[in-house]
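Asks: This structure is in C-alpha coordinates; I'll ask about it shortly.
The values are calculated or read from the model by the stated rules, or taken from the named source; none is laboratory data. Because the structure is a prediction, the values reported are computed rather than measured. In this analysis, Cβ positions are derived from the backbone assuming ideal geometry, glycine residues included, and neighbour counts consider all displayed protein chains.
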Amino acid sequence: MRIANKLIYLVLFCGSTLFAQNKELLYDFYEIPQSLMVNPGVKTSQKWHAGIPVISGLSVQGASSGVTVNDLFANDGIDFTTKVQERLLDVMGNKDDFSTTSQIEGITVGFRGKNRPDDYYSFGIYGETDIITYWPKDLAILAFEGNGGDNLGRSFDLGDLNLRGEMINVFHFGINRKVSEALTLGARAKLYSSVFQFQSINNSGSFVTRQGQNNVYESTINADMQLQTSGVKGFYDIIEEDTGTTQKDVTSLFTERVLFGGNLGFGLDFGFSYNLSPQTTVTGSILDLGFINNSKDVWNYTFSGSTTTDGISIILPEDIDNVNNDLWQELIDEIDEALPRDENESSYISWRPVKVYGSIRYDFGQGGGSVLDNCGCAVNGGSGMASNRDYYRNSLGGQLFMMKRPRGVQAALTGFYQRRFGRVVSLKGTYTVDKYSFTNIGLGANVQLGPVNFYVLANNLLSYSNIADSHYASLQFGFNIISWNGN
(Lines give C-alpha, C1' and ligand atoms only; values in the text may rest on other atoms or scores of the structure.)
Protein backbone atom coordinates (compact mmCIF):
# COMPACT_ATOMS: atom_id res chain seq x y z
CA MET A 1 0.00 0.00 0.00
CA ARG A 2 3.02 2.34 -0.01
CA ILE A 3 2.20 3.48 -3.55
CA ALA A 4 -1.36 4.30 -2.49
CA ASN A 5 -0.18 6.28 0.51
CA LYS A 6 2.36 8.30 -1.48
CA LEU A 7 -0.19 8.90 -4.22
CA ILE A 8 -2.63 10.40 -1.73
CA TYR A 9 0.10 12.64 -0.31
CA LEU A 10 0.97 13.74 -3.87
CA VAL A 11 -2.67 14.64 -4.56
CA LEU A 12 -2.94 16.68 -1.38
CA PHE A 13 0.31 18.49 -2.26
CA CYS A 14 -0.81 19.20 -5.82
CA GLY A 15 -4.11 20.41 -4.41
CA SER A 16 -2.23 23.27 -2.81
CA THR A 17 -1.53 24.65 -6.30
CA LEU A 18 -5.27 24.86 -6.87
CA PHE A 19 -6.06 24.86 -10.55
CA ALA A 20 -9.39 24.71 -12.38
CA GLN A 21 -10.54 24.34 -16.01
CA ASN A 22 -12.91 27.13 -17.06
CA LYS A 23 -11.50 29.29 -19.90
CA GLU A 24 -14.12 32.01 -19.95
CA LEU A 25 -11.81 34.68 -21.40
CA LEU A 26 -10.67 32.50 -24.31
CA TYR A 27 -14.16 31.26 -25.18
CA ASP A 28 -15.58 33.01 -28.28
CA PHE A 29 -12.55 35.32 -28.41
CA TYR A 30 -12.43 34.42 -32.10
CA GLU A 31 -9.51 36.71 -32.94
CA ILE A 32 -7.34 34.14 -31.09
CA PRO A 33 -6.82 30.85 -33.01
CA GLN A 34 -6.80 28.84 -29.75
CA SER A 35 -10.51 29.68 -29.32
CA LEU A 36 -11.06 26.74 -31.69
CA MET A 37 -9.98 24.46 -28.83
CA VAL A 38 -12.91 25.52 -26.64
CA ASN A 39 -15.41 25.75 -29.50
CA PRO A 40 -14.65 23.88 -32.76
CA GLY A 41 -17.55 25.83 -34.28
CA VAL A 42 -16.26 29.32 -33.54
CA LYS A 43 -16.20 31.63 -36.56
CA THR A 44 -12.78 31.76 -38.25
CA SER A 45 -11.29 34.63 -40.21
CA GLN A 46 -7.72 33.65 -41.03
CA LYS A 47 -6.34 31.90 -44.10
CA TRP A 48 -3.98 29.85 -41.95
CA HIS A 49 -2.26 29.96 -38.58
CA ALA A 50 0.68 28.23 -36.94
CA GLY A 51 1.48 28.38 -33.26
CA ILE A 52 5.05 28.92 -32.14
CA PRO A 53 5.92 25.49 -30.67
CA VAL A 54 5.53 25.13 -26.89
CA ILE A 55 4.63 28.80 -26.33
CA SER A 56 1.57 29.03 -28.58
CA GLY A 57 -0.73 28.08 -25.73
CA LEU A 58 0.14 27.93 -22.03
CA SER A 59 -2.64 27.83 -19.46
CA VAL A 60 -2.61 27.75 -15.66
CA GLN A 61 -5.64 28.47 -13.52
CA GLY A 62 -6.16 28.34 -9.77
CA ALA A 63 -9.19 27.92 -7.51
CA SER A 64 -10.03 26.99 -3.94
CA SER A 65 -13.66 26.63 -2.89
CA GLY A 66 -12.96 26.46 0.83
CA VAL A 67 -9.74 27.70 2.39
CA THR A 68 -6.83 29.82 1.18
CA VAL A 69 -3.16 29.60 2.08
CA ASN A 70 -3.48 32.91 3.94
CA ASP A 71 -6.33 31.54 6.07
CA LEU A 72 -4.00 28.95 7.58
CA PHE A 73 -0.55 30.52 7.48
CA ALA A 74 -1.08 34.26 7.94
CA ASN A 75 0.90 35.75 10.81
CA ASP A 76 -2.19 36.98 12.65
CA GLY A 77 -1.43 35.76 16.17
CA ILE A 78 -4.05 32.99 16.07
CA ASP A 79 -2.95 29.49 17.09
CA PHE A 80 -2.59 27.17 14.07
CA THR A 81 -4.73 24.48 15.71
CA THR A 82 -7.52 27.02 16.15
CA LYS A 83 -7.23 28.02 12.48
CA VAL A 84 -7.52 24.40 11.36
CA GLN A 85 -10.62 23.91 13.51
CA GLU A 86 -12.40 27.17 12.68
CA ARG A 87 -11.31 27.82 9.09
CA LEU A 88 -10.96 24.28 7.75
CA LEU A 89 -12.92 21.67 9.69
CA ASP A 90 -15.86 23.91 10.58
CA VAL A 91 -16.14 25.52 7.13
CA MET A 92 -15.27 23.06 4.38
CA GLY A 93 -17.68 20.33 3.26
CA ASN A 94 -17.20 17.15 1.28
CA LYS A 95 -18.11 18.97 -1.97
CA ASP A 96 -15.28 21.47 -1.58
CA ASP A 97 -12.35 20.51 -3.75
CA PHE A 98 -8.71 21.08 -4.53
CA SER A 99 -7.94 20.58 -8.20
CA THR A 100 -5.06 21.15 -10.58
CA THR A 101 -5.31 21.44 -14.35
CA SER A 102 -2.68 22.72 -16.74
CA GLN A 103 -2.25 22.65 -20.52
CA ILE A 104 0.69 23.24 -22.83
CA GLU A 105 0.51 23.20 -26.61
CA GLY A 106 3.29 21.44 -28.46
CA ILE A 107 2.07 22.01 -32.01
CA THR A 108 -0.97 23.79 -33.44
CA VAL A 109 -1.65 24.44 -37.13
CA GLY A 110 -4.75 25.55 -39.03
CA PHE A 111 -5.47 26.18 -42.69
CA ARG A 112 -8.36 26.91 -45.02
CA GLY A 113 -9.27 24.35 -47.67
CA LYS A 114 -8.01 25.26 -51.12
CA ASN A 115 -10.99 23.73 -52.91
CA ARG A 116 -13.41 24.29 -50.02
CA PRO A 117 -12.66 27.79 -48.66
CA ASP A 118 -15.60 27.56 -46.27
CA ASP A 119 -13.79 24.75 -44.42
CA TYR A 120 -11.03 25.47 -41.91
CA TYR A 121 -8.90 22.51 -40.80
CA SER A 122 -6.80 22.43 -37.66
CA PHE A 123 -4.58 19.87 -35.97
CA GLY A 124 -1.97 19.68 -33.26
CA ILE A 125 -0.70 18.20 -30.01
CA TYR A 126 -1.10 19.37 -26.44
CA GLY A 127 -0.41 17.96 -23.00
CA GLU A 128 -2.85 18.15 -20.12
CA THR A 129 -2.68 17.33 -16.42
CA ASP A 130 -5.91 17.16 -14.42
CA ILE A 131 -6.06 16.22 -10.72
CA ILE A 132 -8.93 16.71 -8.29
CA THR A 133 -9.38 15.69 -4.68
CA TYR A 134 -12.47 16.51 -2.64
CA TRP A 135 -12.08 17.53 0.96
CA PRO A 136 -12.60 14.32 3.03
CA LYS A 137 -14.56 16.09 5.76
CA ASP A 138 -15.47 13.12 7.98
CA LEU A 139 -12.03 11.53 7.70
CA ALA A 140 -10.35 14.86 8.52
CA ILE A 141 -12.51 15.29 11.63
CA LEU A 142 -11.76 11.71 12.69
CA ALA A 143 -8.02 12.29 12.28
CA PHE A 144 -8.06 15.68 14.04
CA GLU A 145 -10.57 15.11 16.84
CA GLY A 146 -10.54 11.33 17.24
CA ASN A 147 -13.51 9.02 17.78
CA GLY A 148 -14.12 9.77 21.46
CA GLY A 149 -15.86 12.58 23.34
CA ASP A 150 -18.52 14.33 21.26
CA ASN A 151 -17.79 11.98 18.34
CA LEU A 152 -18.81 8.88 20.28
CA GLY A 153 -21.66 7.29 18.34
CA ARG A 154 -21.00 9.40 15.23
CA SER A 155 -20.87 7.50 11.94
CA PHE A 156 -17.93 8.72 9.86
CA ASP A 157 -18.50 8.40 6.11
CA LEU A 158 -15.59 6.63 4.38
CA GLY A 159 -17.08 7.66 1.04
CA ASP A 160 -15.73 11.15 1.67
CA LEU A 161 -12.46 9.91 0.17
CA ASN A 162 -12.84 10.91 -3.48
CA LEU A 163 -9.99 11.72 -5.86
CA ARG A 164 -9.08 11.45 -9.52
CA GLY A 165 -6.10 12.43 -11.66
CA GLU A 166 -4.38 11.95 -14.99
CA MET A 167 -1.65 13.20 -17.28
CA ILE A 168 -2.26 12.75 -20.99
CA ASN A 169 -0.95 13.80 -24.38
CA VAL A 170 -3.65 14.68 -26.93
CA PHE A 171 -3.37 14.41 -30.72
CA HIS A 172 -6.28 16.17 -32.42
CA PHE A 173 -7.75 17.05 -35.81
CA GLY A 174 -10.75 19.33 -36.36
CA ILE A 175 -12.94 20.71 -39.13
CA ASN A 176 -14.70 24.07 -38.93
CA ARG A 177 -17.33 24.61 -41.65
CA LYS A 178 -19.30 27.70 -42.57
CA VAL A 179 -22.62 26.10 -43.50
CA SER A 180 -24.37 29.38 -44.29
CA GLU A 181 -24.09 33.11 -43.59
CA ALA A 182 -25.75 32.40 -40.22
CA LEU A 183 -24.38 29.01 -39.14
CA THR A 184 -20.88 27.64 -38.51
CA LEU A 185 -20.36 24.08 -37.28
CA GLY A 186 -17.26 22.34 -36.00
CA ALA A 187 -16.06 18.95 -34.82
CA ARG A 188 -12.76 17.65 -33.48
CA ALA A 189 -11.44 14.11 -33.01
CA LYS A 190 -8.90 13.39 -30.27
CA LEU A 191 -6.55 10.50 -29.63
CA TYR A 192 -5.42 10.33 -25.99
CA SER A 193 -2.06 8.87 -24.99
CA SER A 194 -2.02 8.45 -21.21
CA VAL A 195 1.10 9.00 -19.12
CA PHE A 196 -0.64 8.01 -15.87
CA GLN A 197 -4.12 7.84 -14.38
CA PHE A 198 -5.57 7.14 -10.94
CA GLN A 199 -9.00 7.33 -9.36
CA SER A 200 -10.82 6.45 -6.16
CA ILE A 201 -14.33 7.73 -6.83
CA ASN A 202 -16.88 5.11 -5.78
CA ASN A 203 -15.99 4.52 -2.15
CA SER A 204 -18.56 3.75 0.53
CA GLY A 205 -18.60 2.64 4.14
CA SER A 206 -18.65 3.92 7.70
CA PHE A 207 -16.71 3.92 10.95
CA VAL A 208 -18.51 4.33 14.30
CA THR A 209 -17.49 3.94 17.95
CA ARG A 210 -20.03 3.20 20.71
CA GLN A 211 -20.10 2.19 24.35
CA GLY A 212 -18.92 -1.41 24.55
CA GLN A 213 -20.18 -4.48 26.39
CA ASN A 214 -16.92 -6.39 26.87
CA ASN A 215 -14.75 -3.28 26.96
CA VAL A 216 -15.15 0.46 27.38
CA TYR A 217 -15.75 1.07 23.68
CA GLU A 218 -16.41 -0.96 20.56
CA SER A 219 -15.76 0.20 17.01
CA THR A 220 -17.55 -0.96 13.88
CA ILE A 221 -16.14 -0.49 10.41
CA ASN A 222 -17.88 -1.30 7.15
CA ALA A 223 -15.84 -0.52 4.05
CA ASP A 224 -16.00 -0.95 0.28
CA MET A 225 -13.11 1.13 -1.10
CA GLN A 226 -10.91 0.96 -4.17
CA LEU A 227 -7.99 2.86 -5.65
CA GLN A 228 -7.35 2.24 -9.36
CA THR A 229 -4.07 3.28 -10.99
CA SER A 230 -2.47 2.89 -14.39
CA GLY A 231 0.98 4.10 -15.39
CA VAL A 232 1.84 5.01 -11.81
CA LYS A 233 3.72 1.87 -10.76
CA GLY A 234 6.21 2.10 -13.65
CA PHE A 235 7.43 5.52 -12.47
CA TYR A 236 7.29 4.45 -8.81
CA ASP A 237 9.48 1.40 -9.47
CA ILE A 238 12.12 3.50 -11.25
CA ILE A 239 12.27 6.04 -8.43
CA GLU A 240 12.24 3.30 -5.78
CA GLU A 241 15.25 1.56 -7.38
CA ASP A 242 17.17 4.85 -7.15
CA THR A 243 19.91 3.88 -9.61
CA GLY A 244 22.42 6.18 -11.28
CA THR A 245 20.18 6.42 -14.35
CA THR A 246 16.93 7.30 -12.54
CA GLN A 247 16.41 10.65 -14.29
CA LYS A 248 17.21 9.17 -17.70
CA ASP A 249 14.87 6.20 -17.12
CA VAL A 250 12.00 8.46 -16.01
CA THR A 251 12.48 10.67 -19.09
CA SER A 252 12.56 7.63 -21.36
CA LEU A 253 9.38 6.17 -19.89
CA PHE A 254 7.64 9.55 -20.04
CA THR A 255 8.56 9.99 -23.71
CA GLU A 256 7.33 6.49 -24.50
CA ARG A 257 4.00 7.13 -22.80
CA VAL A 258 3.54 10.47 -24.57
CA LEU A 259 4.11 8.83 -27.98
CA PHE A 260 1.43 6.12 -27.82
CA GLY A 261 3.43 3.81 -25.54
CA GLY A 262 0.90 3.94 -22.73
CA ASN A 263 -2.84 3.50 -22.47
CA LEU A 264 -4.86 4.93 -25.34
CA GLY A 265 -8.26 6.53 -25.64
CA PHE A 266 -10.52 8.45 -28.00
CA GLY A 267 -12.66 11.57 -27.70
CA LEU A 268 -14.76 14.06 -29.63
CA ASP A 269 -15.53 17.80 -29.44
CA PHE A 270 -18.49 19.54 -31.10
CA GLY A 271 -19.44 23.21 -31.41
CA PHE A 272 -21.46 25.81 -33.31
CA SER A 273 -22.03 29.53 -33.84
CA TYR A 274 -25.40 30.81 -35.06
CA ASN A 275 -26.41 34.37 -35.94
CA LEU A 276 -29.93 35.06 -34.71
CA SER A 277 -29.60 38.44 -36.41
CA PRO A 278 -26.73 40.45 -37.93
CA GLN A 279 -25.86 41.66 -34.42
CA THR A 280 -26.85 38.73 -32.17
CA THR A 281 -24.95 35.43 -32.04
CA VAL A 282 -25.41 32.31 -29.91
CA THR A 283 -22.67 29.70 -29.53
CA GLY A 284 -22.21 26.38 -27.82
CA SER A 285 -19.73 23.53 -27.49
CA ILE A 286 -19.25 20.21 -25.75
CA LEU A 287 -15.69 19.01 -25.18
CA ASP A 288 -13.96 15.74 -24.31
CA LEU A 289 -16.71 13.24 -24.93
CA GLY A 290 -14.20 10.46 -24.54
CA PHE A 291 -12.54 7.70 -22.56
CA ILE A 292 -9.21 5.97 -21.95
CA ASN A 293 -8.84 2.19 -21.77
CA ASN A 294 -6.44 1.57 -18.88
CA SER A 295 -4.98 -1.88 -19.51
CA LYS A 296 -1.18 -1.39 -19.22
CA ASP A 297 0.82 -0.99 -16.00
CA VAL A 298 -2.40 -1.32 -13.96
CA TRP A 299 -2.18 -1.64 -10.19
CA ASN A 300 -5.37 -1.51 -8.13
CA TYR A 301 -5.98 -1.66 -4.39
CA THR A 302 -9.18 -2.76 -2.66
CA PHE A 303 -10.23 -2.55 1.00
CA SER A 304 -13.53 -4.28 1.66
CA GLY A 305 -15.42 -5.96 4.47
CA SER A 306 -16.97 -5.27 7.86
CA THR A 307 -16.10 -6.01 11.48
CA THR A 308 -16.73 -4.93 15.05
CA THR A 309 -13.93 -4.91 17.57
CA ASP A 310 -13.73 -3.94 21.23
CA GLY A 311 -9.94 -3.86 21.20
CA ILE A 312 -7.88 -5.67 23.81
CA SER A 313 -9.83 -6.86 26.84
CA ILE A 314 -7.84 -6.94 30.10
CA ILE A 315 -8.76 -7.09 33.75
CA LEU A 316 -6.93 -4.65 35.99
CA PRO A 317 -4.80 -4.96 37.96
CA GLU A 318 -4.53 -8.76 37.53
CA ASP A 319 -3.61 -8.69 33.81
CA ILE A 320 -1.40 -5.63 33.81
CA ASP A 321 1.74 -7.78 33.41
CA ASN A 322 0.20 -9.83 30.59
CA VAL A 323 -0.26 -7.00 28.11
CA ASN A 324 2.29 -7.75 25.39
CA ASN A 325 2.90 -7.40 21.68
CA ASP A 326 1.20 -10.73 20.97
CA LEU A 327 -2.16 -9.30 22.08
CA TRP A 328 -1.77 -6.29 19.80
CA GLN A 329 -0.73 -8.50 16.86
CA GLU A 330 -3.74 -10.75 17.42
CA LEU A 331 -5.99 -7.68 17.24
CA ILE A 332 -4.33 -6.49 14.01
CA ASP A 333 -4.61 -9.97 12.46
CA GLU A 334 -8.29 -10.11 13.40
CA ILE A 335 -9.00 -6.79 11.70
CA ASP A 336 -6.97 -7.74 8.61
CA GLU A 337 -8.92 -10.99 8.27
CA ALA A 338 -12.29 -9.22 8.49
CA LEU A 339 -11.20 -6.32 6.24
CA PRO A 340 -8.96 -7.88 3.58
CA ARG A 341 -6.75 -5.61 1.49
CA ASP A 342 -6.15 -6.87 -2.01
CA GLU A 343 -4.12 -5.87 -5.06
CA ASN A 344 -5.03 -6.70 -8.66
CA GLU A 345 -4.18 -5.75 -12.24
CA SER A 346 -7.72 -5.60 -13.67
CA SER A 347 -8.12 -3.16 -16.56
CA TYR A 348 -10.68 -0.36 -16.31
CA ILE A 349 -12.18 2.52 -18.30
CA SER A 350 -11.66 6.12 -17.19
CA TRP A 351 -13.93 8.83 -18.61
CA ARG A 352 -12.68 12.29 -19.49
CA PRO A 353 -14.19 15.26 -17.63
CA VAL A 354 -16.84 16.50 -20.08
CA LYS A 355 -17.12 20.29 -20.44
CA VAL A 356 -19.98 22.36 -21.91
CA TYR A 357 -19.89 26.03 -22.95
CA GLY A 358 -22.63 28.32 -24.20
CA SER A 359 -22.91 32.05 -24.91
CA ILE A 360 -25.02 34.81 -26.37
CA ARG A 361 -23.35 37.92 -27.81
CA TYR A 362 -24.70 41.27 -29.01
CA ASP A 363 -22.46 43.32 -31.35
CA PHE A 364 -22.81 47.08 -31.74
CA GLY A 365 -20.93 50.21 -32.79
CA GLN A 366 -20.17 50.02 -36.48
CA GLY A 367 -16.53 50.37 -37.38
CA GLY A 368 -17.07 51.80 -40.84
CA GLY A 369 -17.77 48.93 -43.21
CA SER A 370 -17.36 45.21 -43.53
CA VAL A 371 -14.64 43.16 -41.92
CA LEU A 372 -13.29 42.58 -45.39
CA ASP A 373 -12.76 46.33 -45.69
CA ASN A 374 -11.01 46.52 -42.32
CA CYS A 375 -8.75 43.48 -42.25
CA GLY A 376 -9.04 41.79 -45.60
CA CYS A 377 -10.86 38.74 -44.24
CA ALA A 378 -14.36 37.45 -43.71
CA VAL A 379 -15.84 37.47 -40.22
CA ASN A 380 -17.47 34.09 -40.51
CA GLY A 381 -14.92 32.26 -42.57
CA GLY A 382 -14.86 31.50 -46.26
CA SER A 383 -12.90 33.15 -48.97
CA GLY A 384 -13.43 36.71 -47.85
CA MET A 385 -15.46 37.47 -50.98
CA ALA A 386 -18.89 36.31 -49.82
CA SER A 387 -19.31 38.26 -46.59
CA ASN A 388 -20.73 41.77 -46.44
CA ARG A 389 -21.65 41.70 -42.76
CA ASP A 390 -20.95 44.94 -40.92
CA TYR A 391 -17.95 45.17 -38.62
CA TYR A 392 -18.74 46.06 -35.01
CA ARG A 393 -16.32 47.51 -32.52
CA ASN A 394 -18.15 46.29 -29.40
CA SER A 395 -19.56 43.02 -28.11
CA LEU A 396 -21.61 42.44 -24.96
CA GLY A 397 -22.96 39.15 -23.68
CA GLY A 398 -23.02 36.25 -21.25
CA GLN A 399 -21.45 32.79 -21.06
CA LEU A 400 -22.25 29.56 -19.22
CA PHE A 401 -19.72 26.87 -18.34
CA MET A 402 -20.47 23.41 -16.93
CA MET A 403 -18.11 20.54 -16.21
CA LYS A 404 -18.75 16.97 -15.08
CA ARG A 405 -16.88 16.15 -11.90
CA PRO A 406 -16.98 13.02 -9.69
CA ARG A 407 -19.41 14.69 -7.28
CA GLY A 408 -21.68 16.42 -9.78
CA VAL A 409 -21.65 19.30 -12.23
CA GLN A 410 -19.41 22.31 -11.62
CA ALA A 411 -20.87 25.48 -13.16
CA ALA A 412 -19.88 29.11 -13.75
CA LEU A 413 -21.72 32.14 -15.16
CA THR A 414 -19.83 34.94 -16.94
CA GLY A 415 -20.74 38.37 -18.26
CA PHE A 416 -18.35 39.98 -20.76
CA TYR A 417 -17.62 43.10 -22.78
CA GLN A 418 -15.23 43.15 -25.74
CA ARG A 419 -13.77 46.19 -27.51
CA ARG A 420 -11.92 46.11 -30.83
CA PHE A 421 -9.47 48.80 -31.92
CA GLY A 422 -9.22 48.22 -35.67
CA ARG A 423 -7.55 44.94 -36.46
CA VAL A 424 -4.53 45.51 -34.20
CA VAL A 425 -5.86 45.26 -30.64
CA SER A 426 -8.89 43.61 -29.05
CA LEU A 427 -9.68 43.70 -25.32
CA LYS A 428 -12.13 41.52 -23.40
CA GLY A 429 -13.30 42.03 -19.84
CA THR A 430 -15.24 39.42 -17.83
CA TYR A 431 -17.04 39.05 -14.53
CA THR A 432 -17.51 35.44 -13.40
CA VAL A 433 -19.52 33.90 -10.57
CA ASP A 434 -18.88 30.30 -9.50
CA LYS A 435 -18.25 28.18 -6.39
CA TYR A 436 -14.79 29.68 -6.00
CA SER A 437 -15.42 33.42 -6.15
CA PHE A 438 -18.10 36.12 -6.49
CA THR A 439 -15.55 38.82 -7.33
CA ASN A 440 -13.72 37.33 -10.30
CA ILE A 441 -12.92 40.13 -12.76
CA GLY A 442 -10.80 39.15 -15.76
CA LEU A 443 -9.13 40.97 -18.61
CA GLY A 444 -7.78 39.63 -21.91
CA ALA A 445 -5.81 41.29 -24.68
CA ASN A 446 -5.14 40.13 -28.23
CA VAL A 447 -2.53 41.99 -30.28
CA GLN A 448 -2.00 41.53 -34.03
CA LEU A 449 1.23 43.04 -35.38
CA GLY A 450 1.36 42.06 -39.02
CA PRO A 451 1.44 38.26 -39.09
CA VAL A 452 2.51 37.97 -35.43
CA ASN A 453 -0.27 37.32 -32.93
CA PHE A 454 0.14 37.58 -29.16
CA TYR A 455 -2.50 37.15 -26.48
CA VAL A 456 -2.58 37.24 -22.70
CA LEU A 457 -5.62 36.49 -20.52
CA ALA A 458 -5.73 36.92 -16.73
CA ASN A 459 -8.53 36.30 -14.25
CA ASN A 460 -9.46 37.57 -10.79
CA LEU A 461 -7.33 40.70 -11.07
CA LEU A 462 -8.51 41.99 -7.67
CA SER A 463 -6.64 39.15 -5.96
CA TYR A 464 -3.22 39.87 -7.42
CA SER A 465 -2.29 42.11 -4.51
CA ASN A 466 -2.34 39.00 -2.27
CA ILE A 467 -2.38 35.74 -4.20
CA ALA A 468 -2.07 33.72 -0.98
CA ASP A 469 -5.49 35.02 0.12
CA SER A 470 -7.15 34.35 -3.24
CA HIS A 471 -9.70 31.68 -4.06
CA TYR A 472 -9.05 32.03 -7.77
CA ALA A 473 -6.22 33.04 -10.14
CA SER A 474 -5.63 32.39 -13.84
CA LEU A 475 -3.16 33.17 -16.61
CA GLN A 476 -3.12 32.17 -20.29
CA PHE A 477 -0.83 33.43 -23.04
CA GLY A 478 0.60 32.43 -26.39
CA PHE A 479 2.17 33.41 -29.72
CA ASN A 480 0.96 32.55 -33.23
CA ILE A 481 1.75 33.39 -36.84
CA ILE A 482 -1.44 34.22 -38.76
CA SER A 483 -2.01 34.79 -42.47
CA TRP A 484 -5.14 36.72 -43.34
CA ASN A 485 -6.92 36.24 -46.63
CA GLY A 486 -5.75 39.65 -47.83
CA ASN A 487 -2.06 38.99 -47.09
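Asks: Taking the conditions exactly as written (at pLDDT 80 or above, touching a Pro at 6+ places or on another chain (Cβ under 7 Å) and over 21 Å from LEU161 (Cβ atoms)), does GLY110 satisfy them or not?
Replies: Yes, satisfied.
Asks: Counting residues that are over 19 Å from GLU345 (Cα atoms), of a type in the set (S, T, N, Q) and at pLDDT below 85, which strands (runs of 3 or more DSSP E) fully inside segment 196-305 reach at least 2?
Replies: By residue number, 204-211, 217-230.
Asks: Write out, first by first residue and then by second, each pair whose Cβ atoms fall under 8 Å of each other, whose residues are 6+ apart or on separate chains, and whose first residue, in segment 256-281, is of a type in the set (Lys, Arg) while the second is in a strand (DSSP E or B).
Replies: If the second residue must be in a strand (DSSP E or B), the pairs left are ARG257/ASN169; ARG257/SER193; ARG257/SER194; ARG257/VAL195; ARG257/PHE196.
Asks: How many residues does segment 205-239 contain that are farther than 22 Å from THR129 by Cβ and surrounded by 13 or more Cβ atoms within 10 Å (Cβ to Cβ)?
Replies: First pass over segment 205-239, keeping only residues farther than 22 Å from THR129 by Cβ: 205-226.
With surrounded by 13 or more Cβ atoms within 10 Å (Cβ to Cβ) added as a condition, the list becomes 205-210, 212, 215, 217-226.
Within segment 205-239, residues that are farther than 22 Å from THR129 by Cβ and surrounded by 13 or more Cβ atoms within 10 Å (Cβ to Cβ) number 18.
Asks: Looking only at segment 98-116, decide whether some residue is exposed (fewer than 14 other Cβ atoms within 10 Å of the Cβ), of a type in the set (S, T, N, Q) and closer than 30 Å to SER180 by Cβ.
Replies: Yes: one or more hits.
Asks: With the requirement that a residue be within 24 Å of SER180 (Cβ to Cβ) and loosely packed, with under 13 Cβ neighbours inside 10 Å, what does segment 240-288 give you?
Replies: LEU276, SER277, PRO278
Asks: Given the condition surrounded by 22 or more Cβ atoms within 10 Å (Cβ to Cβ), in contact with a strand residue (DSSP E or B) (Cβ under 8 Å, 6 or more places away or on another chain) and part of a strand (DSSP E or B), answer yes or no: does some residue in segment 176-183 qualify?
Replies: yes
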